[in-house]
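What follows is a single structure, written as structure tokens, with notes after it.
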Amino acid sequence: MIKNIIFDLGNVLIDFDYKKYLEENFTDEETRTFLASKMFEDSKWKEFDLGLKTNNEIANMFINENPRYKDEILKVTKDFPNIIEEFSYSKKYLQLLKSKGFKIYYLSNMGLEAYNKGVITSSFYPIADGEIMSYRIHSVKPEEKIYTSLLEKYSLNPSECLFFDDNLDNVDKAKEMGFEAVRVLGEFSIENALKKYNII
């Protein structure tokens with residue numbers, strides 16, 4: 001029986017539209033392509049979420065590899081926490097789930113600055129009963145540690161948890177650990193998943 005609903009944040013409850021940001025801030029297509037592939041989509045981006053380095057230290061990692069784009073890299077590093085926006089439907093679903101007696105938790109790969117500027121300022125944020133953010137425990141999904149940290153901190157049984165994430169690897173890891181888990185991409189898929197489990 002599902003008692004707990006666990007939400008990823010990015011692309012589930014909040015929008016992180018870096019492509020829109022790049023379009024609006026960089027006129028040169030080559031620069032936009034570079035920043036997308038060599039920053040936002042690069043494996044080193046997870047350093048922001050791990051919380052082991054400052055944003056300036058991470059920026060220097062990118063700059064050392066691509067000094068030609070120093071100014072652009074510094075701008076992205078400064079700007080990106082501010083491009084997070086909550087989806088219009090997020091608060092509605094969380095309030096509905098709370099009204100039905102479910103516990104709500106956040107489980108997200110999230111850095112400190114993005115958390116402070118884009119998460120805790122959201123209207124839905126206070127609704128949750130708890131959270132695990134990757135920067136605090138220095139572990140990112142789909143590493144087992146971050147899931148275990150949530151279960152242990154709040155004494156949760158994974159078989160009583162329904163987990164929503166936009167990343168299939170993260171969903172598969174949750175299933176491996178005994179969660180009910182669904183990949184969701186937008187409001188329609190969240191609604192369908194809640195209906196599938198007879199929650200709404």
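The values are calculated or read from the model by the stated rules, or taken from the named source; none is laboratory data. Because the structure is predicted, anything quoted here is derived from the model rather than measured. Cβ coordinates were reconstructed from backbone atoms using ideal geometry, including for glycine residues, and neighbour counts include every protein chain displayed.
Taking the range 165-179, which residues are surrounded by 14 or more Cβ atoms within 10 Å (Cβ to Cβ) and aliphatic (A, V, I, L, M)?
Val171, Ala174, Met177
Give the residues of the range 172-182 that are farther than 16 Å from Leu151 by Cβ and either among the aromatic types (Phe, Trp, Tyr) or in a helix (DSSP H, G or I) (or both), sorted by residue number.
Matches in the range 172-182: Asp172 only.
Quick grid of which residues meet (1) surrounded by 17 or more Cβ atoms within 10 Å (Cβ to Cβ); (2) of a type in the set (Gly, Ala, Ser); (3) more than 22 Å from Tyr135 (Cα to Cα):
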| site | (1), (2), (3) |
| --- | --- |
| Ile58 | yes, no, no |
| Glu65 | no, no, yes |
| Glu72 | yes, no, yes |
| Asp79 | no, no, no |
| Ile83 | yes, no, no |
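Can you find a residue that is under 22 Å from Leu107 (Cβ atoms), in contact (Cβ under 8 Å) with a residue 24 or more places away in the chain and in contact with a helix residue (DSSP H, G or I) (Cβ under 8 Å, 6 or more places away or on another chain) anywhere in the range 53-73?
no
Could you pull out the residue among Phe48, Phe34 that is surrounded by 14 or more Cβ atoms within 10 Å (Cβ to Cβ), farther than 24 Å from Glu144 by Cα and not assigned by TED's automatic domain parsing to the domain that holds Asn167?
Phe34
Please give the number of the condition Lys92 fails out of (1) closer than 18 Å to Leu194 by Cα; (2) in contact (Cβ under 8 Å) with a residue 40 or more places away in the chain; (3) assigned to a helix (DSSP H, G or I).
Evaluating Lys92 over (1) closer than 18 Å to Leu194 by Cα; (2) in contact (Cβ under 8 Å) with a residue 40 or more places away in the chain; (3) assigned to a helix (DSSP H, G or I) leaves (2) as the failure.
What pairs come up if the first residue lies in the range 168-186 and is in contact (Cβ under 8 Å) with a residue 24 or more places away in the chain, the second is outside any strand (DSSP E or B) and basic (Lys, Arg), and their beta carbons are under 9 Å apart, counting only those six or more places apart or on different chains?
Asp169/Lys141; Asn170/Lys141; Lys173/Lys141; Ala174/Lys141; Phe179/Lys173
Got a sec? Which of Ile190, Ile132 is free of Cβ contacts under 8 Å to residues at least 60 places away in the same chain, surrounded by 20 or more Cβ atoms within 10 Å (Cβ to Cβ) and not acidic (Asp, Glu)?
Result: Ile132 is the single residue among Ile190, Ile132 that is free of Cβ contacts under 8 Å to residues at least 60 places away in the same chain, surrounded by 20 or more Cβ atoms within 10 Å (Cβ to Cβ) and not acidic (Asp, Glu).
Being under 23 Å from Leu97 (Cα atoms), of a type in the set (Asp, Glu), in a helix (DSSP H, G or I) and in contact (Cβ under 8 Å) with a residue 24 or more places away in the chain is the filter here; which residues of the range 136-167 pass it?
Within the range 136-167, just Glu160 meets the criteria.
In the range 81-92, what count of residues is obtained for those that are modelled with pLDDT of 95 or more and touching a helix residue (DSSP H, G or I) at 6+ places or on another chain (Cβ under 6 Å)?
1
Count, please, the residues in the range 95-105 that happen to be within 20 Å of the chain's Cα centre (by Cα) and without any contact (Cβ under 8 Å) to a residue 12 or more places away in the chain.
0
So, Lys20, is that one surrounded by 13 or more Cβ atoms within 10 Å (Cβ to Cβ), of a type in the set (D, E, K, R) and at negative phi or not?
no
List the number of the failed condition for Gly111; all other conditions in (1) without any contact (Cβ under 8 Å) to a residue 24 or more places away in the chain; (2) crowded, with 20+ Cβ neighbours inside 10 Å hold.
Going through the list (1) without any contact (Cβ under 8 Å) to a residue 24 or more places away in the chain; (2) crowded, with 20+ Cβ neighbours inside 10 Å, Gly111 breaks only (1).
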